[in-house]
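The values are calculated or read from the model by the stated rules, or taken from the named source; none is laboratory data. Values in this document were obtained by computation on a predicted structure and should not be read as measured data. Glycine also receives a Cβ, built like all others from the backbone with ideal geometry; neighbour counts cover every protein chain displayed. Each accessible area value is taken on the protein alone, full model and side chains, heavy atoms only, with ligands, DNA and RNA left out. Shrake-Rupley method; radii C 1.70, N 1.55, O 1.52, S 1.80 Å.
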Amino acid sequence: MVAEVIGQAWVQDLPVCLPGRACVDQSPVAAPLMTVTSALTPLSPVLAVLGFAFVGVALVLMVVGVRRQWRGDGASGLLALLALALLLFGVIAWWVIRGRLALIKAIYSDLYGQAAALVPPSLVGSWPAVLASCWAMAALGGLAVVAMVGTALLRLRADATS
């Protein structure tokens, strides 16, 4: 009996209500993500700045790490974890923020039977800039993984021929 109630909670659509629009039902994944990101919208400019600052610091660490690896010091496990974390976090955060912006666009379009309206700027905030920083994180993480693996393979090849 309890398992059925819990199972229904995971498949039951939840309402998402935005200013000037009627509430629309969304999946049990989309509705809570929308609520969390809506609460963070006033902080979105800070999140964008922090995201790009983190990308800058990570870029410096990646360049230093790959240079050390090329010189023969070996690959750093922490740097490999940082690269994978950048890749995963960037992709997941990009997916969530992109979904938020698409849902807002859909709610303010005529998709739900209401007349199309302009999206209030207070809902969008600086999420496009945060989206760009997430894309930069994912790109840097992927590039760092490729650079680290490529450097390791080149070192192995150079060691094998000498």
Task: Portion, in percent, of the accessible area of segment 1-144 that falls on carbon or sulfur, probe 1.4 Å - done: 75
Task: Entry for Rg/Rh (Cα atoms, Kirkwood Rh) (calculated from the structure that is shown) out of [x] 0.94; [y] 1.02; [z] 1.16 - done: [z]
Open item on the list: If I measure Cβ to Cβ between cysteines in the chain, which ones have no partner under 4.7 Å?
Closed with: Cys134
Task: Residues of segment 14-98: accessible area per residue with a 1.4 Å probe, Å² - done: 61
Open item on the list: If I stretch the segment between Val91 and Ala158 completely, what's the gain in nm (0.36 nm per residue apart, minus their alpha carbon distance), one decimal?
Closed with: 20.7 nm
Open item on the list: Past the 14 angstrom mark, what percentage of all C-alpha to C-alpha distances in segment 57-115 do you count?
Closed with: 68
- [ ] Could you check the simple spin-label distance between Arg21 and Val149, using points 7 Å along Cα→Cβ, in nm with one decimal?
- [x] 3.9
Open item on the list: Between Leu81 and Gln114, what's the calculated FRET efficiency when r is the beta-carbon distance and R0 is 41 Å? Round to 0.05.
Closed with: 0.30
Task: Overall dimensions of segment 13-74 as given by Cα atoms, namely Rg and Dmax in Å - done: 20.4, 62
Task: segment 90-142: C-alpha gyration tensor shape, a/c 1.5 cut-off, then a/b vs b/c - done: prolate
